[in-house]
1. Looking at the chain as a GNM with Cα springs under 10 Å, which of ILE49, ILE110, ILE118 has the largest mean-square fluctuation?
2. Using only the Cα atoms of segment 103-149, build the gyration tensor, take square roots of its eigenvalues as a ≥ b ≥ c, and label the shape rounded, prolate or oblate: rounded if a/c is under 1.5, else prolate if a/b is larger than b/c, else oblate.
3. Using a 1.4 Å probe on the protein chains only, how many percent of the accessible area of segment 47-149 belongs to carbon and sulfur?
4. Using only Cα atoms, tell me the angle between helix 131-145 and the longest principal axis of the chain; keep it within 0 to 90° and round to the nearest 10.
5. Using Cα-Cα distances under 8 Å and only pairs 6 or more residues apart, what relative contact order does segment 1-64 have, in percent?
6. For the pair ARG87 and ARG117, what calculated FRET efficiency results from E = 1/(1 + (r/R0)^6), where r is the Cβ-Cβ distance and R0 = 30 Å, to the nearest 0.05?
7. Taking the Cα of ASN106, stepping 7 Å toward and past its beta carbon, and measuring to each backbone N in segment 29-53: which are under 15 Å?
8. Quick one, which of (1) 0.94; (2) 1.02; (3) 0.97 is the actual Rg/Rh (Cα atoms, Kirkwood Rh) calculated for this model?
Amino acid sequence: MRLAIAEALKGIRRGGGPFGCAIVKNGKVIAKAHNTVVSTKNATAHSEINAIRDAGKCLKTPFLDGCTLYSTTEPCPMCFSACHWARVKRVVYGSSISDAAAMGLNELRIPAATLKRIGYDRVALKGGVLRRECLKIFVEWRKASGEPY
């Protein structure tokens, strides 16, 4: 999770959003990425999507069986769906979608647990990991971007 946090902060320094991700398999970091929506002018360039793309290239497969994805914020419906299609084994996140929405971010307020339940997905979910540190990322982003609270 600390690598995901570092990626989020790196992304903020580059003018991006307050999100970071790292993907690990068998104790080895396969990919890490931050949000690049603004810099790439691509609404799908969330940190999880960027990391999943990089992990697939690294492993030479679209399937991330046995991988754990660490995200500073609970994956949105698009990112959770990408985890499903990539066959990610486990998703660990810090802050929740509700936390991000409370900071004024444009979030679809559908929790990953709900998507898991209604989609019969097998991914293991664990939220709230280093949540306080992940919440601080939003504060750093607000400072860097000049966004009011």
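The values are calculated or read from the model by the stated rules, or taken from the named source; none is laboratory data. All values reported here derive from a predicted model rather than from experimental measurement. Neighbour counts run over all protein chains shown; Cβ positions are idealised from the backbone, glycine included. SASA here: full protein model, heavy atoms, side chains in, ligands and nucleic acids out. Shrake-Rupley method; radii C 1.70, N 1.55, O 1.52, S 1.80 Å.
1. Maximum among the listed residues: ILE118.
2. Values: a/c = 4.54, a/b = 2.04, b/c = 2.23.
Taking the square roots of the gyration eigenvalues as a ≥ b ≥ c, segment 103-149 is oblate.
3. Working: 3100 of 5690 Å².
For segment 47-149, the apolar C and S fraction of the accessible surface comes to 55 percent.
4. 50
5. Working: 125 pairs, mean separation 16.9, N = 64.
Once divided by the residue count of segment 1-64, the mean separation gives 26 percent.
6. Working: r = 18 Å, r/R0 = 0.61.
Calculated value: 0.95.
7. Those under the cut-off are 36-46.
8. Among (1) 0.94; (2) 1.02; (3) 0.97, the one calculated here is (1).
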